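For reference, the structure discussed in these notes is given below.
The values are calculated or read from the model by the stated rules, or taken from the named source; none is laboratory data. A quick note: this is a predicted structure, and the numbers were derived from the prediction, not measured. Neighbour counts run over all protein chains shown; Cβ positions are idealised from the backbone, glycine included. Heavy atoms of the whole protein, side chains included, go into the accessibility calculation; ligands, DNA and RNA do not. Shrake-Rupley method; radii C 1.70, N 1.55, O 1.52, S 1.80 Å.
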Amino acid sequence: MTERDDFKTENITLSMANRELEARIAELEKETGTIKQDLTRAAGERDKIREDYNLILGKYNDLQNAQEELIRGNVSETRKLLTELQAAQESLRQKEEILRQLELNLDTKKTALDELTFELEKRNARMAELEKILDSQKRIAQELKNKVSEALLGFENNGLTVTMKNGKVYVSLDEKLLFRSASWEIDANGRNALRKLAGVLEKNPGIQILIEGHTDNVPYNPGSGQLKDNWDLSVKRATTVVRVLLEGSKIDPKRLTAGGRSEYIPVDPSNTQEARTKNRRTEIVLTPDLTELYQLIDKY
């Protein structure tokens, strides 16, 4: 039960990490767009300053030529030309300073854009790697579901269902397929189904196996027996299934976990005979190996 809850928590954490990455990528793309606009605007301002600079430089050269021609002429005219020349020189100096600042700012924005682009590429690569691993896990789970369904073809919809949810495969076995009421002894038909399932699990050593026993909400009456209540019954049924799966198979016992959920995880909460029948079940939860995914998360 703890391991399953850990898996569910890790699944939520991955989903949140995925959403945070997508939000950060959107933010980076927005910042990239803004910087590109700033670069375009700055480049336009730089070109305009250069144009003004060239005009002033031309005027400055014209004034210099006029000064040389009139150097021996009217003194007041010469002084006027000198004043205009000095003003042109000052304006030219200011334009050069503005141009220098604009080019410096442009370089800074280009550097920032390069850094953002690099960060965006890194995050896109991480997202692609995560999606690749998640797709691989989904594919493994789907292939496992197909193999289990094929192996248990004669039992599906006859007290047994095979479903896939959150990257895991759930094999649910009704009480009538495995046990008599209030018993934990598995009959021949149930053993046959479990042995077929064990054959599939034996060939897929990377799959972790959780067996959960579930009861209805009718209190268990143990009499003088060794079990006290529905908790004991649900756990006893789970451990019985574990032993049947291990009988004559090469499944590593380390892969199996047995747990009892008593009456507290019903599939149908209504208090009817039909609902109680549905709730008396054993669920075998098959989880693909997520080591590669966890290593990638730790890496970042």
If you build the convex hull over the alpha carbons only and average its shadow over all orientations, what do you get for the range 1-100? Give it in nm² to one decimal.
8.6 nm²
Quick check on packing: order 182-189, 237-244, 111-118, 267-274 by the mean number of other C-beta atoms within 10 Å, highest mean leading.
237-244, 182-189, 111-118, 267-274
Given (1) 22.1; (2) 19.2; (3) 25.7 as possible values of Kirkwood radius over Cα pairs in Å, the one from the coordinates is (3)
Sorted by chain and number, the residues with a modelled amide H under 5 Å from that of LEU160, at a separation of 5 or more or across chains, are ASP174
Whole-number percent relative contact order across the chain, with pairs defined as alpha carbons under 8 Å at least 6 apart
17 percent
Calculate, in nm to one decimal, what GLU131 and GLN37 gain on full extension: separation in residues at 0.36 nm each, minus their alpha carbon distance.
30.7 nm
Treating the beta-carbon of each Lys and Arg as +1 and of each Asp and Glu as -1, no other charges, what is the dipole magnitude of the range 23-150 about its Cα centre, to the nearest 20 debye?
480 debye
What percentages, rounded to whole numbers, describe P(r) for the range 141-224 computed over all alpha carbon pairs with 5 Å bin width beginning at zero?
3, 13, 23, 24, 17, 10, 6, 3, 1, 0
With a ≥ b ≥ c from the Cα gyration tensor eigenvalues, square-rooted, and the rule rounded for a/c under 1.5, otherwise prolate when a/b > b/c and oblate otherwise, the range 116-265 is prolate
Enter the accessible area per residue of the range 53-158 (Å², integer; probe 1.4 Å; all protein chains in place).
69 Å²
Just name one of GLY58, ASN204, LEU14: the one whose Cα is farthest towards the positive end of the charge dipole of the chain (beta-carbon charges, Lys/Arg +1, Asp/Glu -1).
ASN204
Set the Förster radius R0 to 51 Å, insert the Cβ-Cβ distance between ARG195 and THR13 as r into 1/(1 + (r/R0)^6), and round the FRET efficiency to 0.05.
0.90
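How large, in Å, is the range 121-164 by the Kirkwood hydrodynamic radius built from its alpha-carbon pairs?
Evaluated over the range 121-164, this radius sits at 12.3 Å.
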Student exercise, the chain dipole from Lys, Arg, Asp, Glu Cβ charges, in Debye to nearest 20:
1280 debye
Compute the long axis of helix 75-151 from its Cα atoms, compare it with the longest principal axis of the Cα atoms of the chain, and write down the angle in degrees, 0 to 90, nearest 10.
10 degrees
Given the Cα-Cα distance of GLU185 and ASP289 and 0.36 nm per residue of separation, how much length would full extension add, in nm?
34.3 nm
Isotropic mean projected area of the C-alpha convex hull, the range 93-145 (nm²)
3.5 nm²
Which of LEU245, GLY259, GLN89, positive extreme of dipole for the chain (C-beta unit charges)
LEU245
Listed highest first by mean packing, meaning other Cβ atoms within 10 Å per residue, what order do 259-265, 173-179, 86-92 come in?
173-179, 259-265, 86-92
Hey, how much of the P(r) for the range 87-196 falls beyond 25 Å, as a percent of Cα pairs?
60 percent
Dipole magnitude of the range 1-74, debye to nearest 20 (Cβ charges: Lys/Arg +1, Asp/Glu -1, about Cα centre):
280 debye
Calculated from backbone phi, Karplus (6.51, -1.76, 1.60) coupling profile of the range 201-217 in Hz, x at Gly/Pro:
5, 4, 8, 10, x, x, 9, 8, 10, 10, 10, 10, x, 10, 10, 8, 9
Spelling out what I want: for every residue of the range 59-69, take phi, set θ = phi - 60°, compute 6.51 cos²θ - 1.76 cosθ + 1.60 (Karplus), and round to whole Hz; glycine and proline get x.
5, 4, 5, 4, 5, 4, 5, 5, 4, 5, 6
